[in-house]
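To start, the structure under review is shown below, and the notes come after it.
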Amino acid sequence: MSNKYPIIKSRYEVIELLSEDLVSFAYRGRHKQTQKPVIIWKYKSSYTTPAIIRRLISISETVMSIKDDRLLKFFDYAYDG
């Protein structure tokens, strides 16, 4: 069976599109090595500016540093632009 969605960062397999809103897409995916399920958000290029990218990276790094078993784990991000 061929997957029409990409492999991201050689680690994440996109399985299906879950939703689309004004600025982003949300996909159901899986970590290729561990097979753990993941949610992948991709922002639409028409809604990203250098300032927004810098802010999203900063927020991502802050959220990744939070360790609490009661919260969803945010463990990776990528910027491909």
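Figure legend. Inter-residue proximity from segment 6-26: first residues in a loop (DSSP other than H, G, I, E, B), second residues open to solvent by 70 Å² or more (accessible area, probe 1.4 Å), beta-carbon distance below 9 Å, spacing 6+ or different chains. Indicated pairs: LYS9/ASP80; SER10/LYS32; ARG11/LYS32; ARG11/GLN33; LEU22/TYR47; VAL23/TYR43; VAL23/SER46; VAL23/TYR47.
When each of SER65, SER45, SER10, SER60 is tested for being hydroxyl-bearing (Ser, Thr, Tyr) and surrounded by 10 or more Cβ atoms within 10 Å (Cβ to Cβ), the lone residue that passes is SER60. With respect to (1) in a helix (DSSP H, G or I); (2) of a type in the set (D, E, K, R); (3) modelled with pLDDT under 90, the lone exception for LYS73 is condition (1). Under the condition of being aromatic (Phe, Trp, Tyr) and not in a helix (DSSP H, G or I), which residue from segment 27-51 is nearest to TYR79 (Cα to Cα)? Among them, the one singled out is TYR43.
The values are calculated or read from the model by the stated rules, or taken from the named source; none is laboratory data. This structure is a prediction, so every number in the text was calculated from the model and none was measured. Cβ coordinates were reconstructed from backbone atoms using ideal geometry, including for glycine residues, and neighbour counts include every protein chain displayed. These area figures cover heavy atoms from the full protein model, side chains too; ligands, DNA and RNA do not enter into them. Shrake-Rupley method; radii C 1.70, N 1.55, O 1.52, S 1.80 Å.
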